[in-house]
Amino acid sequence: MEIKIYKPYKNIKMRRPYLVAAWPDIGNVGILAVDALRIFLKARKFAEINSFDSYPLSASVHHGVLGKLDFPKRNFYFQKLKSRDVIFFMSGEQPLSMEEMRETAKAILKVANDFHCRKIYSLDAISFAIHHLATPKVFAVAGNEKSLKDSENYNVFRLSDFLGNGEQRLISGAGSFLTAFAAEAGINSLSLLAEMPFYLTEVIPYYPKASKALVDVMVDILNIPELDLSWFDNLVGEINQSIEKIYEGFPPSIKQKIDKLKNPSRGISLKEKRDLFHAVDKIFQKSKSTQKNGGDKNE
Amino acid sequence: MSEKSNSFRALLSKSGATLTNQSYPLVIGFSQDVGHLAPHVIDYLQRFLNSHLLLEISDNDNFIGAILKGDTLEMIKSSLYFSSQYNILLLESDNIGDNFYELRNTLLKLAESIRLREVYIISAFTSSNNLPQKLLGIFTDFKTQKRYLKSEDFQNFDLVESQEGLMSNYLLWVLKNKGIPGIGIWAILPPYLEGIGDPRTEKRVLQFLNRHLELNLELQELDRRIRDRDLKIAGLRTFNPEVNRIFQKISNGNNLSEEEEKMLVEKLRKSNDKL
């Protein structure tokens, strides 16, 4: 996998930068958070990973001859801040194979090493038993104990404090892989996972409420005191309205089950979670099928 | 040269392939192709060219699952065949998109092991629009395209940022970067034949390969299947006025409604199952 650093930036010096990475995930939580930071901080693109090892998004053919293939974008951006610099990595797609993931992770670590990054963060979402009206918490899972300890200075929580008895988790996705991979290479790394209501993960493409929670933590970590996030707040408001409409459309029995989540201390069993997830999924599958058949006379 | 390429070379050499001063055409087909067109073509070539299985490749190292073929589950794999009589390689692969890495690596390792003269990638698609009489071709470069212009086997077309046939186009792109000529052969089927396939279209692809690779293929088996298919359809049309009306609509170049297509597919499938 080849990294291409653009000419004007080949000799750029960065001060103890942090590298913040994200891929598209559930609710596009992580990628929206990194994109928002990139835009707010006016970060500049300085490098990209060539995508020979990715599956293309589309192809063009001109008069029967193969033309351009459109590959997922995997770009690096940077910005100089008051106390330290920051590098953002954004990928257009989750990797399709282990080999692609490994090669991408190696490329990111190479950039991290070349620019003397002090720490790597990956921003992601975690499907959790929370209500959509609740403010998502951000959990920290680290590649090593030191990184985990450092995270205690910020408004993040330890996942182990919230997992039910006997509940184990596979943290899927490229971000968590990068964190583990970086740790093995001796680089301090941390995954920040913002909660997303599990019953919405298959339902909405964006959950900016969770993205905002990640941005708030990163603003603290990067020590950026004067960042205007009102645009983000407006987006959260818009999507919240859509979610409320979806919620109001649920039958009372489903709403009742969802509202149990308003009481975090009560908790919800795995079975209840599974049942609720299937019930919501069934509604949306039925709704898709109804739309396809031009409407149900009985509805 | 990698260990895998060395093992390819060893296997090929053992099968009677001359590795020096010899280049080989490679025909690739995907097992999940529409109407099973590519696997039928590969199977036909494999039988009539006396080719034998060189190796099966299933070394993707991420957990995908298994592939469903009919009602049975099989491991996801690629099968490489070689005909020492005609010096041709055939690769049939389970293409599910997720294993693009394994497919790409297989192609690269083959290219490392031996000289690939030209690679043909067969894909089938459905289109409810007026079906082209020729095959559609996508070439890695203009020089390769020019060689086939005279034969008039192909109809040119354009695609703009399309996801259609992406695996085929991706492999062509890999070949293009390696300087290996490649042709994506696109055979178009009417949608109502998607489930049962079309021996007529299979024959069109085989005729092209037969001509350009000088294979001396016997195509009587296909002619028989075409005759049987035509008889079945004629029978259906005779005894089912609705089916007859739908086929007349198709002959007039009109598009079918969703219900008409569904009905025709069902009738053809039932008729095909009776074979």
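The values are calculated or read from the model by the stated rules, or taken from the named source; none is laboratory data. As the structure is a computational prediction, the values presented were derived from the model and not from experiment. All Cβ positions, glycine included, derive from the backbone under ideal geometry; neighbour counts span all protein chains shown. These accessible areas exclude ligands, DNA and RNA; they are computed on the full protein's heavy atoms, side chains included. Shrake-Rupley method; radii C 1.70, N 1.55, O 1.52, S 1.80 Å.
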The one condition in (1) of a type in the set (Val, Ile, Thr); (2) crowded, with 21+ Cβ neighbours inside 10 Å; (3) part of a loop (DSSP other than H, G, I, E, B) that A:Val215 fails to fulfil: (3)
Single residue of the stretch B:115-163 satisfying the filter (facing chain A (nearest Cβ under 7 Å) and surrounded by fewer than 14 Cβ atoms within 10 Å (Cβ to Cβ)) that is modelled with the highest pLDDT: B:Phe142
Sole exception among (1) basic (Lys, Arg); (2) under 20 Å from A:Ile3 (Cβ atoms); (3) open to solvent by less than 40 Å² (accessible area, probe 1.4 Å) for A:Lys73, by number: (3)
Odd one out for A:Asn50, checked against (1) open to solvent by less than 30 Å² (accessible area, probe 1.4 Å); (2) without any contact (Cβ under 8 Å) to a residue 60 or more places away in the chain; (3) of a type in the set (S, T, N, Q): (1)
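Could you tell me how many of the residues in the stretch A:33-45 are part of a helix (DSSP H, G or I) and open to solvent by less than 30 Å² (accessible area, probe 1.4 Å)?
The initial filter retains those residues of the stretch A:33-45 that are part of a helix (DSSP H, G or I), namely A:33-40.
Still in the running and open to solvent by less than 30 Å² (accessible area, probe 1.4 Å): A:33-34, A:36-37.
Count: 4.
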Yes/no for B:Phe247 being touching a helix residue (DSSP H, G or I) at 6+ places or on another chain (Cβ under 7 Å), farther than 30 Å from A:Phe71 by Cβ and aromatic (Phe, Trp, Tyr): yes
Subset of the stretch B:219-230 [in contact (Cβ under 8 Å) with a residue 40 or more places away in the chain and surrounded by fewer than 16 Cβ atoms within 10 Å (Cβ to Cβ)]: B:Glu221, B:Asp228
Residues satisfying the stated conditions in the stretch B:231-275, i.e. buried (at least 17 other Cβ atoms within 10 Å of the Cβ), among the acidic types (Asp, Glu) and without any contact (Cβ under 8 Å) to a residue 40 or more places away in the chain: B:Glu260
Any pair with Cβ under 8 angstrom, 6 or more apart, that starts in the stretch A:232-243 at a residue that is under 13 Å from A:Gly27 (Cβ atoms) and touching a residue at least 24 places away in the same chain (Cβ under 8 Å) and ends at one that is open to solvent by less than 50 Å² (accessible area, probe 1.4 Å) and among the hydroxyl-bearing types (Ser, Thr, Tyr): A:Ile239/A:Tyr207
Extreme residue, surrounded by the most Cβ atoms within 10 Å (Cβ to Cβ), among residues of the stretch A:1-25 that are of a type in the set (D, E, K, R) and either closer than 19 Å to A:Gly92 by Cβ or in contact with a strand residue (DSSP E or B) (Cβ under 6 Å, 6 or more places away or on another chain) (or both): A:Asp25
Hits in the stretch A:4-53 - residues which are of a type in the set (Phe, Trp, Tyr) and within 29 Å of B:Tyr101 (Cβ to Cβ): A:Tyr6, A:Trp23, A:Phe46, A:Phe52
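Out of the residues in the stretch A:58-101 meeting the condition of being more than 30 Å from B:Gly184 (Cα to Cα) and among the basic types (Lys, Arg), tell me which one is farthest from the other protein chains (Cβ to nearest Cβ). Can you show your working first?
As a first pass, look at the stretch A:58-101 and keep what is more than 30 Å from B:Gly184 (Cα to Cα): A:75-90.
When the remaining residues are screened for being among the basic types (Lys, Arg), the result is A:80, A:82, A:84.
Details: A:Lys80: 36, A:Lys82: 42, A:Arg84: 36 Å.
Filtering first and then ranking leaves A:Lys82.
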